[in-house]
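Since every read-out is calculated from the coordinates, none of them should be taken as a lab result. No experiment lies behind these values; they were computed from the predicted model shown. Cβ placement follows ideal geometry from the backbone for every residue including glycine, while neighbour counts extend to all protein chains displayed.
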Amino acid sequence: DTEVTQTPKHLVMGMTNKKSLKCEQHMGHRAMYWYKQKAKKPPELMFVYSYEKLSINESVPSRFSPECPNSSLLNLHLHALQPEDSALYLCASSPSPLADLQDTQYFGPGTRLTVL
Amino acid sequence: AQTVTQSQPEMSVQEAETVTLSCTYDTSESDYYLFWYKQPPSRQMILVIRQEAYKQQNATENRFSVNFQKAAKSFSLKISDSQLGDAAMYFCALTSIRGQGGSEKLVFGKGTKLTVNP
């Protein structure tokens, strides 16, 4: 089973709100990713967690704050966002280096975020 | 730096026909993986096919196959017997072999929008 789940599916928030996106996988994957995708564009990498530690931060503004509480869960905390942050936020995970299909990223269905 | 280029922003195909989507890439790595992902309007990014660069044999998955030309740095996707459900945005992507500590970046092309006509 290659399932990554994301909640909520849709989120509308004001610029002063604080909200969180959640991503979960139970495949034993050791790397988890956050991407931002604008309409008709490819996904842009934001953060990578490897073995629950932040390994890549693509110079994302501090109003986005990732958190990896355990190996199955990845959160993205949102605060004081701007309208241009409206996008589809995708989560992905990939197996550990010793597993089959390592380096293959499996994506969740995404959260459609609208910032008013 | 690694780059992936998809030169066809849009393609169309008749149902039951065959279509080929193009992808070229550039990397200085000797070991890497190449992928095709499909993203239908429902928006979930779905893995279509995966190719290890060290394997000469082209990957196949049912109606989907690739033509991997390592020297030319070309990685095209062929869809046979096209179905209405194949309509989607297709992204070609590249990642180098995983480095120390786990993950590596996935570099995407800009995508090709495939329309399937009944």
Convex hull volume per residue for chain B, taking Cα atoms only, in Å³
102 Å³
With the convex hull built on the Cα atoms of the protein assembly as shown, state its orientation-averaged projected area in nm².
12.7 nm²
Per the protein assembly as shown, cysteines lacking a partner by the 4.7 Å Cβ criterion
A:CYS68
Taking 22 Å as R0, compute the FRET efficiency from the Cβ-Cβ separation of A:THR114 and A:ASN57 and round it to 0.05.
0.35
Under 5 Å, built H, 5+ apart or other chain: amide partners of B:LYS110
B:GLN6
Calculate, in nm to one decimal, what B:GLN44 and B:ASN67 gain on full extension: separation in residues at 0.36 nm each, minus their alpha carbon distance.
5.8 nm
For Cα pairs less than 8 Å apart in space and 6+ apart in sequence, what is the mean separation divided by the residue count of segment A:33-79, i.e. the relative contact order in percent?
25 percent
What FRET efficiency, computed as 1/(1 + (r/R0)^6) with R0 = 30 Å and r the Cβ-Cβ distance, is obtained for A:VAL12 and A:ASN70, rounded to the nearest 0.05?
0.55
Roughly speaking, what is the centre-to-centre gap between segment B:1-51 and segment A:47-70 when only Cα atoms are used, to the nearest Å?
27 Å
Over every pair of different alpha-carbon atoms in chain A, take the mean of 1/r and invert it; report that Kirkwood radius in Å.
14.2 Å
